[in-house]
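Visitor: Pasting a structure below so you can have a look.
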Amino acid sequence: MARTLVFRLTTHLAGLIFVALSIRWMWSDFIAFPSMEATSMILGYVSFLLIGVTLLIGPLTAWLPSRFGAACLSIRRDLGIWAGITAILHVILVLILFSGEPRLMIMQSNLDNPRSGWLGLFFQNYESFDGWPMPRWSLIGAANYLGLIAILYVISMLFTSSDAAKKWLGGSTWKRLHMANPFVFILVVVHGLTYIQSIKGEPHTLSDILLFAFAVWIVRIITFWRTVWYRRH
């Protein structure tokens, strides 16, 4: 028990160090942005990277001796917790940025009325009493809805990442929820690509997301077919 606790504390410490080093490493690329906005964008990237890493640990386990399986699953759980923490912090900062004073360095022609408050990310004309608020069905609105779905999944997985939650939900229900991780990764990829292409300029590039996403899926596909081959032979 004590050994497991030490191992998990070590994993969490490694996760914290990774987040801190990532922020420090990327900060120079975002130095032209207001600090809150830069922090929000960097945390979004870090969460994206951590979600991808959790998707790589499963295939990695298949290539390692079975005695490493439990340790890999523990690492995946704890890094998933850090992915959830950074994602929630990213969203909180976005809501703050769209609610008040900080100046957003965005191409405002592509996001109408960015000062309409955070509800303006999802609705238009909601400040008027003439009729019901209309969903924002623009490309950016769709990206915001994808981000909303993703963060709801992330929060659900974050708060059910304990053994007690697994027992309370039941093994099959818990597994179905946490098997949604690849789906969340796709949502995050599309959300990020849309923002990079439509609103944010430098230092963002499509390759920042696409290369890592491509690598994750290639590893998972190769591992899948390797597993199929071994089972058939």
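Taken together, the values in this text are just the output of simple stated rules run on the coordinates, not laboratory data. Remember, predicted model here, so these are calculated numbers, not experimental data. FYI the Cβ positions are ideal-geometry reconstructions off the backbone, even for glycines, and counts take in every protein chain you see.
Visitor: In degrees, nearest 10, range 0 to 90: what is the angle between the Cα axis of helix 139-158 and the longest Cα principal axis of the chain?
Guide: Taking the Cα atoms of the chain, the angle to 139-158 is about 40 degrees.
Visitor: Separation between the Phe214 and Trp137 pseudo-spin-labels, each 7 Å from Cα along Cα→Cβ, expressed in nm?
Guide: A separation of 3.4 nm, rounded to one decimal place.
Visitor: Where is the GNM fluctuation largest for the chain (alpha-carbon springs, 10 angstrom cutoff): Phe68, Phe122, Phe33?
Guide: Per the Cα network of the chain with a 10 Å cutoff, Phe68 tops the list.
Visitor: Comparing Leu210, Leu50, Leu193, which has the greatest mean-square fluctuation in the GNM of the chain with Cα pairs linked when under 10 Å apart?
Guide: Of Leu210, Leu50, Leu193, the Gaussian network model singles out Leu210 as fluctuating most.
Visitor: So what's the net charge close to Thr54: Lys and Arg +1, Asp and Glu -1, counting the other residues with Cβ under 11 Å from its Cβ?
Guide: Result for the local shell: +1.
Visitor: What's the angle, to the nearest 10 degrees (0 to 90), between helix 35-63's Cα axis and the longest principal axis of the chain?
Guide: The two axes meet at around 20 degrees.
Visitor: Per DSSP H run of at least 4 residues, take -39500 (n - 2.57); add these up for the chain, divide by its residues and hand me the 222 nm value, nearest 500 deg cm²/dmol.
Guide: Result for the chain: -24500 deg cm²/dmol, rounded to the nearest 500.
Visitor: In a GNM of the chain with a 10 Å cut-off on Cα contacts, which of Gly170, Gly192, Gly141 has the highest mean-square fluctuation?
Guide: With Cα springs under 10 Å in the chain, the top fluctuation among Gly170, Gly192, Gly141 is at Gly170.
Visitor: Residues in the range 62-83 near a label at Ala14, defined as backbone nitrogen under 14 Å from the 7 Å Cα→Cβ point?
Guide: 68-82
Visitor: Let me ask something else about it. On C-alpha positions alone, give me the angle between the axis of helix 2-27 and the longest principal axis of the chain, in degrees, nearest 10.
Guide: 40 degrees
Visitor: Can you give me the distance in nm between label points at Leu73 and Leu169, each placed 7 Å from the Cα along the Cα-to-Cβ direction?
Guide: If labels sit at Leu73 and Leu169, their model points lie 1.5 nm apart.
Visitor: A further question on this structure: Which far-off residues, 5 or more places away or on another chain, put their amide H under 5 Å from the one on Arg136, with H placed in the peptide plane?
Guide: Residues meeting the amide H criterion: Phe123, Gln124.
Visitor: Could you pull the Cα extents of the range 2-232 along its three principal axes, largest to smallest, in whole Å?
Guide: For the range 2-232, the Cα spread along each principal axis is 61, 41, 39 Å.
Visitor: For the range 1-101, what is the per residue volume of the convex hull drawn over the alpha-carbon atoms, in cubic angstrom?
Guide: So the per-residue hull volume is 97 Å³.
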